[in-house]
Each structure stands twice: as C-alpha cells, then as structure tokens.
Amino acid sequence: MTRVLIVDDSAFNRSTLARLLQGAPGLQVVGCARDGYDAIRRIRELRPDVLTLDLEMPHMDGLSLLRWVMQEHPLPVLVVTSRESNYSLFEALELGALDFVLKPGRVSADLPAIRDDLVRKLTEIAAAPTRLRRGGMDGRTRPRRETAAGAWRGPARRPGAGGRLIVLVASTGGPPALQRIIQELPADLPAAVGVVQHMPAYFTAAFARRLDDLARLPVAEAREGDLLRPGHVLVAPGGSQMEVARAEEGGFRLRLEPASDRDAHVPSGNRLMESAARVAGRRVVGVVLTGMGDDGTRGLAAIRQAGGLALAESERTAVVFGMPRSAIAAQAVDRVLPLDGMAPVLTALAREGGEGQEMLLDAARLDAGSDEHDRRNGP
C-alpha cells in the first residue's frame, strides 16, 4: 500500500484530495499538512511514500519544501497546481518533482476526471524506478533574442536536402530532460526540432516560453501550418495532435489535428514520429526520453524502417524508464544514450548529415560515458 501525504494550505483542497483518493486501489492517505514546516514534521513522523504538493503556501512554500525533500528525505512528489502557477511549476519539475495535476475545482462534474488523473499519476510515480534528483538544473536565463517578424510563418526557406529533422518525445520527468537537451543545442543547429511533451493545453505554451528563455535556439508552441525551419524548436500544443506534412513551397510544415478517442496520448509522440518518417524518411532522428508507458515505440520503429535514426535515453539517467524500455524491448532503437550524450550526438548528426553517422554515434556515445547497461541494450 502506497502511503500518501497531502500538502496544501487550503482546507478545501486537502479534504477534496483526500476524498478523491479514498478507496483508490493501492493508495492510502496517511495525513495532511497545511504548509512546508507542517509537512516536514509529518514526513518525519508518518514516513509517507509519496507527496502531493501545493506550491503556493504561507510560511514555507512548496518550492522551499521541495528543496528540503530532495536533499534530506527524497520522495516521489506530485505537484497539485493552478494554471496561474505555471512558471513555479517548471521550477518544481527542475528541482525533482515528477509530475503534476491541476487543482480540483468546486464543480463536482470535473472531479471524476481529476480523480482518474490523480490516482493514475500517484500510482505511476510511486511504482516507477525513479531517479530522484538532489538539486536542480541550471535555470539561468539569457536575454531574449530579437526574432524577425514572420520568422515562424513567413515564406518557406527550403531546408537543404541533407538537413535533419529531430523529433523528441517525453512524459514523466520530461520537462527538465528536454530543457537540458535544448539548452545545449547550438544556435546554428542545421536541423529543425519538433517536441512532444505529455502535458495539458495551456501548460505547453508556458513550457515553450520557458525553453525560449533558456535556450540559444528560438522555441515556440506550434501552430497550424508552421514551417519546420533549421535552428528552430516547435513544441506540440496540449490538446492537439501534431504531424509533419510536406509544404507546397518545399520543405515541411506542421499540421495540427484534433484528438480522437483512439489516441492514448494527446499530444502523441507516435503520431509525430510516424508522420515524420512518412514524409522525411532517412532525414529523421527520433528520440524517446523518460516517461511511463510506450508512447514513441511505434514511432521509432517507423523511423528505423524509413531509414532514419532512433535513439532512446539510458536507464542510468531516465527519471522513469518506461518509454525507453518499451522501445528497446521492441528492437526499435539504434542507440541507447545517457541524457548528457543526447545534445552532442544530435548536433553532430545534424552537421554531418548521413555521412559517417555510425562513427559519430559511436564516438559521441563513448564520450558521453555510457554505462554497461547501454552497451548491453544497444542493437
């Protein structure tokens, strides 16, 4: 039985969360805390297995408590947040929180959907072989770049015939992993980058803005018809499916499709990767990062079949190894790399094109310090 501690300054939220979790298989609410100081006392007293954490609390807020937890008593943490706390949310994910859900409202019709999400995510982060990280990533910002008007949606500048298209998918633990990769990519990267992070609508726009603040490449949430331009990063919007299509003027555009009942994830890494494989073939590099489930497995298989390259994150660095493990087990992966090896490999592949890619992959893999697990699980 997974022991849950609820941390929130709102008595309404504490009682609502406790009620939503009542009777959930495998979960037991062992207590509640009204602020960070109260939570520290109850963590020491009750020894919970997982926390739900509000970020905005008096006396000691959620971020301060999270720093203490990661340093003194590492636990899986699920942030329970409002839309208005999106910037603090991404800081919390960098500090080590594994996932988030929106705060329950007072409209009873919304509660069943919130309950399903809450129970699923608590169960996942408690059961997953997590990598609880002490301390956070470098969140230093840089001055915002000046972007020419129409840079995203003006007349197409056809990417070179050898140009790469890089597509990445991540879920639980993905925001800090994606941030690290994208921060390390050079400003002159000769490849377009498309990103799927499992995240609700509204938060993907905030996530893209945060990446844009930190990266050397321009980053934006994708819109219908956006061109895939070398040296630009586009993030799939929550609530929509993002696919790659040929542009009439040459190169590739993004097409946004409404979600359907058959979609397990919205946005879906499989949908993005399969469409990229269809239209770009061997020019595509697909990357599956940390997350629960199997999103990206079919997509990587399609990329390999089309002659592109398929990479997966190593168990050594993945916060949750479910998605990479699924792709590796399906033999859909060319190389398994630790997180710190991804950006150098992607940069080298983008610059070299198709020539010498095996040599580049092997050299970058060794330079990145891949562990024995990577050597055993690579094809």
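A few notes on this one:
- For the stretch 291-351, convex hull volume per residue from C-alpha positions, Å³: 71 Å³
- Per residue convex hull volume, Cα atoms of the stretch 157-293, in Å³: 97 Å³
- For the stretch 6-96, the relative contact order works out to 27 percent when only alpha carbon pairs closer than 8 Å and six or more residues apart are counted.
- Solvent-accessible area of R180 with every protein chain in place, 1.4 Å probe, in Å² to the nearest 10: 90 Å²
- In units of the compact-protein estimate 2.2 N^0.38 Å, the stretch 29-68 shows a Cα radius of gyration of 1.04.
- What the pair-distance distribution of the stretch 202-357 shows, using all Cα-Cα distances binned every 5 Å from zero, is 2, 10, 16, 21, 25, 19, 7, 1, 0 percent.
- Ordered by solvent-accessible area of protein heavy atoms (1.4 Å probe), largest first, the residues D295, D117, D9 come out as D9, D117, D295.
- All other residues whose Cβ lies under 10 angstrom from that of H198 are scored, Lys and Arg at +1 and Asp and Glu at -1, for a net of -2.
- Heavy-atom surface analysis with a 1.4 Å probe gives the stretch 183-301 a carbon and sulfur content of 48 percent of its accessible area.
- Packing, taken as the mean count of other beta carbons within 10 Å per residue, orders the peptides 91-103, 20-32, 57-69, 237-249 from highest to lowest as 91-103, 57-69, 237-249, 20-32.
- Taking other residues whose beta carbon is less than 14 angstrom from the beta carbon of G31, and scoring Lys, Arg as +1 and Asp, Glu as -1, yields +2.
The values are calculated or read from the model by the stated rules, or taken from the named source; none is laboratory data. Predicted model only: the values in this text are computed from it and were never measured. Please note: Cβ atoms are built from the backbone with ideal geometry, for glycine as well, and neighbour counts cover all protein chains shown. The area values use the complete protein model at the heavy-atom level, side chains included, leaving out ligands, DNA and RNA. Shrake-Rupley method; radii C 1.70, N 1.55, O 1.52, S 1.80 Å.
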